[in-house]
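The structure appears right after this line, and notes come after that.
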Amino acid sequence: MKQTLLLFFLSFSFFLSAQVTLTLTVPESSLEVMGNEDQVIAEGTIKNESTDSVTLRWTRNIKELTDGWETAVCDKNLCYIPSIGEMDLVLAGEETSIFNIYVYPFGIANGEAVVEMTLTDVSNSENTVTGTYTFNKTSTSTFSVNRPEIKIFPNPTTDYISLTQSEYVEKLVIYNIVGRPVKTFNANYGNQYDVADLPRGMYLVRLVGNNDQTIKTVRLSKKNGA
């Protein structure tokens with residue numbers, strides 16, 4: 001009887017240790033990249049479904065990348081430089097972190113990128129998830145013809161920003177350097193958006209169109225007023 005209970009306990013413990021408690025959410029479709037964009041962000045999340053804190057190690061596997069393009073990873077801690085392809089990430093119980101992939105085309109059009117990301121619990125290698133972020137693998141964007149030349153000005157700025165055109169823009173979302181949204185604006189007729197209260201530094205402004213689709217993401221330099 002004791003042996004039977006021991007075997008049951010060991011089997012149950014193995015089942016628990018092998019259970020995957022991570023959920024990686026990636027974009028359902030490929031993102032379109034135009035050569036004249038500074039960068040394109042594929043937005044994802046990683047969630048720890050368990051109630052215990054976990055330390056994850058993420059690794060980037062670049063399956064395809066056009067010569068001259070670069071790609072980088074952004075989690076809740078930092079947006080890393082393109083050369084970093086592995087890093088640890090600590091998630092508290094039931095915590096969700098952003099897990100975005102950036103592509104920088106550097107003026108090169110008609111490229112492609114496929115980036116596979118794997119996150120593994122360092123204390124339990126069975127607890128692992130993998131997801132794939134793709135760019136320009138399909139042509140699903142409704143902005144493929146009309147999206148190119150939207151720019152933000154003034155940049156650098158101290159008090160406000162405007163768009164050179166806003167016909168296709170539904171809202172603007174401003175992110176800090178660690179990828180957290182700090183301000184959101186609905187597109188308005190006056191086309192001025194107040195950023196005076198933001199601390200000095202670098203930001204990313206995501207221009208969002210219909211169906212919450214990213215039209216373009218632009219770097220913004222915020223300076224202190226006089």
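The values are calculated or read from the model by the stated rules, or taken from the named source; none is laboratory data. Just so it is clear, the model here is predicted, and its values are computed rather than measured. Note that we place each Cβ from the backbone using ideal geometry, even for glycine, and neighbour counts take in every protein chain shown. Only protein heavy atoms, including side chains, enter the accessible area calculation; ligands, DNA and RNA are left aside. Shrake-Rupley method; radii C 1.70, N 1.55, O 1.52, S 1.80 Å.
Structure notes:
- Any chance residue 93 is farther than 20 Å from residue 179 by Cα, touching a residue at least 12 places away in the same chain (Cβ under 8 Å) and among the small types (Gly, Ala, Ser): yes
- Applying the condition of being of a type in the set (Val, Ile, Thr) and in contact with a Gly (Cβ under 9 Å, 6 or more places away or on another chain) to the stretch 47-66 and asking which residue is modelled with the lowest pLDDT yields 66.
- Note on the stretch 50-81: residues that are surrounded by 15 or more Cβ atoms within 10 Å (Cβ to Cβ) and assigned to a loop (DSSP other than H, G, I, E, B) amount to 6.
- Subset of the stretch 121-149 that is among the hydroxyl-bearing types (Ser, Thr, Tyr), open to solvent by less than 80 Å² (accessible area, probe 1.4 Å) and modelled with pLDDT under 85 - its residue that is farthest from the chain's Cα centre (by Cα): 144
- Considering residues of the stretch 183-200 that are touching an Asp or Glu at 6+ places or on another chain (Cβ under 9 Å) and closer than 17 Å to residue 214 by Cβ only, the residue most open to solvent (accessible area, probe 1.4 Å): 186
- Within the stretch 82-107, the set of residues being small (Gly, Ala, Ser) and open to solvent by 40 Å² or more (accessible area, probe 1.4 Å) comprises 83, 92, 107.
- Pairs meeting the criteria (first residue in the stretch 35-54 and among the charged types (D, E, K, R), second residue open to solvent by 70 Å² or more (accessible area, probe 1.4 Å), beta carbons under 6 Å, at least 6 apart or on different chains) are 38/219; 47/96.
- Residue tally, condition over 17 Å from the mean Cα position of the chain (by Cα), open to solvent by less than 40 Å² (accessible area, probe 1.4 Å) and under 26 Å from residue 98 (Cα atoms), over the stretch 162-182: 1
- Taking each residue of the stretch 190-209 that is part of a strand (DSSP E or B) and looking for partners that are among the acidic types (Asp, Glu) and open to solvent by 50 Å² or more (accessible area, probe 1.4 Å) with beta-carbon atoms closer than 8 Å, six or more apart or interchain, yields 194/159; 208/170.
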